[in-house]
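Some notes on the structure that comes next.
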Amino acid sequence: TGKTLVYLSLKELEERLPQNQFIRVHRSYIVPIKQILSLQNNELLLRGCKTPVPLGGHYKEIFYEKMSGKLM
């Protein structure tokens, strides 16, 4: 519901977060898996978020492998 300022790179943050609960979907975004509602036109719709999150080309294959069978 808000922004949090951290003094880590996204790569460092990604390494510290539980991999079974979070996924990197773009060079600028890590999202909680439980909040993903759907994927439409390479954009993720997240519960409680009005703005879609882009799915970056570099992260697509990893995303599809990890999310296989979890999306609507």
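Structure data summary
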read-out	value
When residues of the range 17-72 are limited to those that are small (Gly, Ala, Ser) and within 11 Å of the chain's Cα centre (by Cα), the one nearest to Val6 (Cα to Cα)	Ser28
Selection count where residues are crowded, with 17+ Cβ neighbours inside 10 Å and farther than 17 Å from Leu10 by Cβ, scope the range 24-44	2
Any chance Gln40 is touching a helix residue (DSSP H, G or I) at 6+ places or on another chain (Cβ under 7 Å) and without any contact (Cβ under 8 Å) to a residue 24 or more places away in the chain	no
Candidate set from the range 1-23 (those that are of a type in the set (Asp, Glu) and closer than 17 Å to Lys66 by Cβ); member that is most open to solvent (accessible area, probe 1.4 Å)	Glu15
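The values are calculated or read from the model by the stated rules, or taken from the named source; none is laboratory data. The shown structure was predicted, so the numbers you read here are calculated from the model rather than taken from an experiment. Methodologically, a virtual Cβ is constructed for each residue, glycine included, from the backbone with ideal geometry; neighbour enumeration extends over all protein chains shown. Ligands, DNA and RNA are excluded from the accessible area calculation, which covers all protein heavy atoms including side chains. Shrake-Rupley method; radii C 1.70, N 1.55, O 1.52, S 1.80 Å.
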